[in-house]
Amino acid sequence: MKQKPWFEVSTEGLRQLQAGKPIHHIARELIQNAWDENIVHCVFSTSWTKGRSEIIVKDDNPEGFKDLSHAFTLFAPTTKRLDVSKRGRFNLGEKQAIVVAENTIIKTTKGTVIFDKKGRTHKQEKTDLGSEIKIIVKMSKSEYEEMLSEIKTFLVPKNIQFSVNGELHSYREPFKTIKAKLLTEVDVEGVLKRVERETDINILQTTSKARLYEMGLPITEIECEYDIDVQQKVPLSVDRETVPLSYLSNLYAEVLNATYEYIKEDKSSDVWIREATSNKRINTEAVKKIVNKRFGDNVVVANPFDKNSIDEAISNGYRVVYGSEMSKEEWNNIKNSNAIKSSSDLFGSNFVNGKSVEPDENMLKVSELAKRIAKRCFNISINVCFSEWVGCAAQYGEKTLTFNVKALGKNFFENALSVKVIDLLLHEIAHEKGNHTEKTYHQAITKMAGELINIALSEPNFFSI
């Protein structure tokens, strides 16, 4: 007794699965099969009339179909799985086109197969060279026009002359071509496995929605400034439309490593760039450049445990970036690249660990004036200290004013009544009422200035130090 196969395939079931896909997928699958062969010419011709389109794809592969049975055998073993430079791997493509067509004729060097209402018919008629696939499929006029429009987005391989209805579609020169190791799919001892392999990646400028391509054929739209054409199999689901997010992340990082100099400031926060700068593959220079484009030259990371440093950074015109503004992965790469210093690094209150300085006569005069102003204007007694640290000129907090002698220099204290000394005293003592970004701080400065003018007019001895 003849052994029955394990499975039966429902043609109607397969047709239903394909019915929801855009009609232009038919063209893509037929063109893919041709481009995967040893060809020089591929001709795509089509016409539309009364709700139906005739599609013909011809190629000049000397061998034609390697095995004509593959035209009607789902998931048959194929040599394409052994070669990452071939797009096919499921041996499903032309079946997806045939099943939605009313009529299909495949003519090749091995013979002819006809699919129509009668079923499948084999004929001995052969081609001398290459293959010709002709299908009749229902589609609306808008679907037909969409198909032609979609084909125009295909990236023709450099070694193939491809024409559509007599019009030659030329090779599109990449903006850049880079090499990188990416996951691909290849047959390893009869099992289709995902392995990492170095490949060329073509980066192309685009004025429309960017796409990810697999050796010239579009897979899916992507959030990127460029079209990206990977020159090996891309890891895909059976529907050829789903790409792992981790794969896209790696791809974005490799592309940004090659293009960061060309990214404009208003694009530096785009989704794909945020994803790329979160990826471990991103390089140091790319991170630094993107951070600069996004935030400018004057930028610090907020140290939540040093609020004074944040306030000082803002007052000095710095953009303060907070932890919630980026992902953990982005912050790790920024830290590893030393792309942004913390607010404490540039404006920190690290005078606590600074070197104490013994005040000279001039410093003591400035100290006395500071204490008088604080007492008269706010009725508080303050301490005044002198220290050396790497950071801002002075700090005020907990009713203590600390001068950074290293930053100011001793000459700063030569005239206690100089404009620069009075300016710094008002700036710092006003922090008793708030921080730079608070209204109460600015009100305190103007209040102090007004009171000191009145004191200078009515009590000039107040300033005798």
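The values are calculated or read from the model by the stated rules, or taken from the named source; none is laboratory data. The structure presented is a predicted model; accordingly, all values stated were derived computationally and were not measured. When we count neighbours, we look across all protein chains shown, and the Cβ atoms used for this are built from the backbone with ideal geometry, even at glycine. We work out accessible area using only protein heavy atoms, side chains counted, and drop any ligands, DNA or RNA first. Shrake-Rupley method; radii C 1.70, N 1.55, O 1.52, S 1.80 Å.
Out of all the residues in the stretch 302-315, is one or more open to solvent by 50 Å² or more (accessible area, probe 1.4 Å) and in contact with a Lys or Arg (Cβ under 9 Å, 6 or more places away or on another chain)?
Looking through the stretch 302-315, none of the residues is open to solvent by 50 Å² or more (accessible area, probe 1.4 Å) and in contact with a Lys or Arg (Cβ under 9 Å, 6 or more places away or on another chain).
Among the listed residues Glu275, Glu241, identify the single one that is of a type outside the set (S, T, N, Q) and in contact with a strand residue (DSSP E or B) (Cβ under 6 Å, 6 or more places away or on another chain).
Glu241
Answer yes or no as to whether Ser367 is more than 15 Å from Asn308 (Cα to Cα), of a type in the set (S, T, N, Q) and assigned to a loop (DSSP other than H, G, I, E, B).
No: the conditions fail for Ser367.
Being in a helix (DSSP H, G or I), over 12 Å from the mean Cα position of the chain (by Cα), surrounded by fewer than 14 Cβ atoms within 10 Å (Cβ to Cβ) and touching a residue at least 24 places away in the same chain (Cβ under 8 Å) is the filter here; which residues of the stretch 246-283 pass it?
Glu261, Glu265, listed by residue number.
Mind checking which residues of the stretch 128-139 are open to solvent by less than 90 Å² (accessible area, probe 1.4 Å) and in contact with a helix residue (DSSP H, G or I) (Cβ under 9 Å, 6 or more places away or on another chain)?
Gly130, Ser131, Ile133, Ile135, Val137, Met139
Can you report the number of residues in the stretch 1-53 which are outside any loop (DSSP other than H, G, I, E, B), small (Gly, Ala, Ser), open to solvent by less than 70 Å² (accessible area, probe 1.4 Å) and over 20 Å from Ser170 (Cα atoms)?
Number of matching residues: 3.
Hand me the list of strands (runs of 3 or more DSSP E) wholly inside the stretch 379-465 holding 3 or more residues that are over 49 Å from the mean Cα position of the chain (by Cα).
Passing ranges, in order: 383-388.
If a residue has to be within 18 Å of Asn159 (Cα to Cα) and acidic (Asp, Glu) to count, how many in the stretch 180-233 make the cut?
3
Can you name the residue in the stretch 177-195 that is assigned to a strand (DSSP E or B) and not aliphatic (A, V, I, L, M) and is also surrounded by the most Cβ atoms within 10 Å (Cβ to Cβ) among such residues?
Filtering first and then ranking leaves Thr184.
Condition check ((1) among the polar types (S, T, N, Q); (2) in contact with a Leu (Cβ under 8 Å, 6 or more places away or on another chain); (3) at pLDDT 95 or above; (4) open to solvent by 20 Å² or more (accessible area, probe 1.4 Å)) across all residues:
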residue: Arg197; (1), (2), (3), (4): no, yes, yes, yes
residue: Thr206; (1), (2), (3), (4): yes, no, no, yes
residue: Ala210; (1), (2), (3), (4): no, no, yes, no
residue: Tyr213; (1), (2), (3), (4): no, yes, yes, no
residue: Pro235; (1), (2), (3), (4): no, yes, no, no
residue: Pro244; (1), (2), (3), (4): no, yes, no, yes
